[in-house]
């Protein structure tokens, strides 16, 4: 098995990948962009790609949303949450915060630690890096002249970097969400706490289409945990929606909602049903009786019995 | 074949019955109430009952709505519209409007001709009758002392009554709607312009249930041509809805809407799909592409194909 | 003060009227039809009219709905519920059920006592009367030849009729709803348990108008306790809706819903806010925070403050 | 006047800024991150900040959405669309595509030109840069060893870089959307083609809240041109929505929709009404009569007149 991920090695995306059971024994190949990673799956060069889909430290979310919305179909088979915690690492010889004059890291990581930096590294300069790992590993290169970097614990520990401080993120408890993507194949079996991801082009000739699309979920009591509109890139004002819904295609209310989406927007793309990780926003909200599999089955049986009397 | 109807003979209900093809050769039995008529069908004493369902001159509409909502199931197999036009008939010896001092008819019929009466029969007295036909035929009974009656053309013509004026209704163009009811059996084949009638108990434990019920139709582009709430009679605040929807159970959007109703209110009662008479309020509004049988079939096929990949 | 009501004297409508405080000392005039009663109010011949609006024994409900939907505006100032219980009264000389051969009453009353009659008066004949009171009082007229009548307790007691049995209704606990109507004037102050009645023409040029109308209530958490579609009588397929909503125009959510109705259907007619009698279907359902007067006031203040910055 | 923008100089964000009338004569200061730029406005160090909000080449969109959703209030006063077109620039001495072995640029820019690169620069290596401008200007630094960079025309022209090819983007016609942000103050006057941006926390204690929020727009015929859910960062499953709606707070339907949002989610943040640039998805869809300012005014007047009769 070959896994690729948005690299370089040592980023939060690799940390996400390392949570996948069995991945330690598999081949792991970094990719320079989300598109590259997904194309490796499409071409068969990799079996799986780990890419960020929500709230990522190193960006790539829009690229992921767009890349899985178009081109050859892909399927999400797993989601992974990674707690976002940063460490400050320094080059050899630096042992205290007072010595740090210049800090390098990815701009998004800097944004999430800036208050700590301003309070603890007064007067420091910031040098953008192309990733948190690139910033950290640059400390090992004598040609670079900065003092410290902000990165994931993974890259610091693996490379035995000099950690000055841990947990320097401004907001405790943040997480980033990643998805493991494969070619379309078997859908993971339902676990009772699953998520279904779809991409739905907004029909341009259908006023009120967005409400009609969302109503397909609402009318069956299916909650949404993420919704984003994205331009299709084909024309100004041409949009698609990327949606995570709570439930599994094996559940009648989800299958019925998907059928409703397909009627309104036949170009809808099913990106997978897979186990949900962590507490969902609506966890504990039990399914109303009229949205259970049993209610759907009884309703279908009733209509079938009525139609048996057709003249 | 035996047909019964809300009598007595000569009312608008009998006029509705006479529109049914082949009924002239069949046995026709008046019933003293809507309940009596429907019970004759339930017991097998009659094959069909003609009863008013909307805007009736002689009442009975509530009784019809309630009677088909409860008890042993019945099925509507045809609807009939009857133009509401009244004649003024007089007892022997009366030849001009000036001679008319007292007029008898059903209270509803009087309400629909009152402006004409006030303008043309100044100072007249009104004597309520239990039906338009009873008022008219009473003129033949020497024990009665009123001068004229207001009734349907049918009873006047059949009994060779003395017609003083035709078309005395205050509002031209009114119609009453009747339905022909049988035991549940074969559903008439779709004609492309059909109506489906259902009775839906309002679930008490489900806030917003009415909107949810109506949304089952709206979400599939099914128009409603009649909706009425009725108390169930079981408890104060316990309601059911009587609804006419445009379409036939053989059409996918109607079948899907009915399944949705059944999920929300499992006690829903299907009262039939049958040809629609006259122009519907939404006639000419074509079915949106996403609500066609084809769109439903394609959506179902798409979901089935996705589910084939379940692990 | 003069009150009129759907007569004759002794009907359930008069029983409803007698519940109005102070009415015993006022002038009470029966009317032969709902239209006549309402016209007396319009012309000033009466100050108030009591008419049935829901589930009536003697009919008139459609007439009431239609009459208050058109013509000069009227206003509902009170609702009254009357328990529907029937007595069997007999002509002089009849002392046991076995002696009863013929029974007279209004058709609707007969429909509601038929099972009792069949069980207790085997082989009896039914003679329709124009009202329950007319049937009962006819027993005092020696020209009539029937043995018994079914009527409201009121007329039996007031006329010292011979009561053979009380409580002969087939369904215990039924009630009929009446409304007291005046010319438009002062709206009764809110009590916290009120009802608002409106009549809304369905705009013909606006597909989905019914859902849009109902959504005006639903979007503000306003429950409906009655809804009926009625043909306007102007053209086939032209409808209006008669709706009872829970709440008072003095409450922000109701006023906002009414404004929404007016936008969609400018011909909407406000028929009054008045105290609700009896348990409402949704009694005890507290108003959601976002639909309280406070939430409306805060929202209006917020928008006003934003608009103060308009350039 | 001081303007800041997501730098460095020469990026697409600066190209957006240069479209603002009068900006050439003003002070223009690059910021290293979206947060830094917005904080300069909050602190008064800058009057305006130009930041990407949708579909950005250099990232920052999530940072923008999050930064304007929290902290001290800001206001969008203008939107700018920038056509996304890339040029390939080379270091001194490189005159043909065949000589290009290594290319540097921001990862998002590389993703949008990758097909062109693969077709025209076979076997090239990609070196990520922290921005398109940084990659381009790095060509002037003799310490760097890459041959070419992909950047915006602005930075190439301003620095007289050696342009090998223009228009190398894989998708023609793409645009990025930027917004100009100030402290809250005067709202730009309506132009008839405006946009309103709001940030709405999703109330956690309110099932179906997302549909209720969206219905506030739909029920008044207000179209949405962008919608994104974002985690609040406070707790897993805690979300806010960033929404662009078509219309101006000065229009009654928008003001009414905003009031509705405030009732459901009192923490809603108004981020401005400002002229819309370019064709909107719903351009040309005229406002339905019932959503016009006139309809709102008439409805309000009607309700006010009714309430004048309150007892």
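Among residues that are within 17 Å of residue C:209 (Cβ to Cβ) and either surrounded by 22 or more Cβ atoms within 10 Å (Cβ to Cβ) or within 14 Å of chain A (Cβ to nearest Cβ) (or both), residue B:222 is included. Residues that are assigned to a helix (DSSP H, G or I) and free of Cβ contacts under 8 Å to residues at least 24 places away in the same chain were ranked within the range B:110-139; the one that is nearest to the other protein chains (Cβ to nearest Cβ) is B:111. Does residue A:61 meet the test of being at negative phi, in contact with a strand residue (DSSP E or B) (Cβ under 6 Å, 6 or more places away or on another chain), surrounded by fewer than 24 Cβ atoms within 10 Å (Cβ to Cβ) and within 13 Å of chain D (Cβ to nearest Cβ)? For residue A:61, the condition - at negative phi, in contact with a strand residue (DSSP E or B) (Cβ under 6 Å, 6 or more places away or on another chain), surrounded by fewer than 24 Cβ atoms within 10 Å (Cβ to Cβ) and within 13 Å of chain D (Cβ to nearest Cβ) - is met.
Taken over the range D:155-212, the criterion of being at positive phi and free of Cβ contacts under 8 Å to residues at least 12 places away in the same chain is satisfied by D:160, D:192, D:208.
The sole residue among B:107, B:71, B:93 that is closer than 30 Å to residue C:174 by Cα and more than 10 Å from chain C (Cβ to nearest Cβ) is B:71. Would you check if there is a residue in the range B:71-87 being over 30 Å from residue B:229 (Cβ atoms), modelled with pLDDT of 95 or more and surrounded by fewer than 16 Cβ atoms within 10 Å (Cβ to Cβ)? So far as the range B:71-87 goes, no, none of its residues is over 30 Å from residue B:229 (Cβ atoms), modelled with pLDDT of 95 or more and surrounded by fewer than 16 Cβ atoms within 10 Å (Cβ to Cβ).
Determine, yes or no, whether residue D:10 is farther than 30 Å from residue D:120 by Cα, outside the structural domain of residue D:274 (by TED's automatic domain parsing) and in a loop (DSSP other than H, G, I, E, B).
No: the conditions fail for residue D:10.
Considering (1) over 21 Å from residue A:85 (Cα atoms); (2) at pLDDT 95 or above; (3) surrounded by fewer than 23 Cβ atoms within 10 Å (Cβ to Cβ), the lone condition that residue A:181 does not fulfil carries the number (3).
Based on this model, can you work out whether residue D:227 counts as at pLDDT below 90 and crowded, with 17+ Cβ neighbours inside 10 Å?
Criteria met by residue D:227.
Residues that are more than 7 Å from chain A (Cβ to nearest Cβ) and in a strand (DSSP E or B) within the range B:254-274 comprise B:269, B:271, B:272, B:273, B:274, listed in sequence order.
Consider residue B:41 carefully, then state whether it is in the same structural domain as residue B:129 (by TED's automatic domain parsing) and surrounded by 19 or more Cβ atoms within 10 Å (Cβ to Cβ). So residue B:41 fails the test.
Here residue D:92 clears all of (1) crowded, with 22+ Cβ neighbours inside 10 Å; (2) assigned to a loop (DSSP other than H, G, I, E, B) except the condition numbered (1). Only one entry of D:77, D:82 meets the criterion of being within 22 Å of residue D:13 (Cβ to Cβ) and either part of a loop (DSSP other than H, G, I, E, B) or away from chain A (no Cβ under 14 Å) (or both), and that entry is D:77. Scan the range C:281-297 for residues that are away from chain B (no Cβ under 14 Å) and either modelled with pLDDT under 85 or over 37 Å from the mean Cα position of the chain (by Cα) (or both) and the total you get is 0.
The values are calculated or read from the model by the stated rules, or taken from the named source; none is laboratory data. Just so it is clear, the structure is predicted and the values come from calculations on it, not from any experiment. Heads up, the Cβs are rebuilt from the backbone with ideal geometry, glycines too, and the neighbour counts pull from every protein chain shown.
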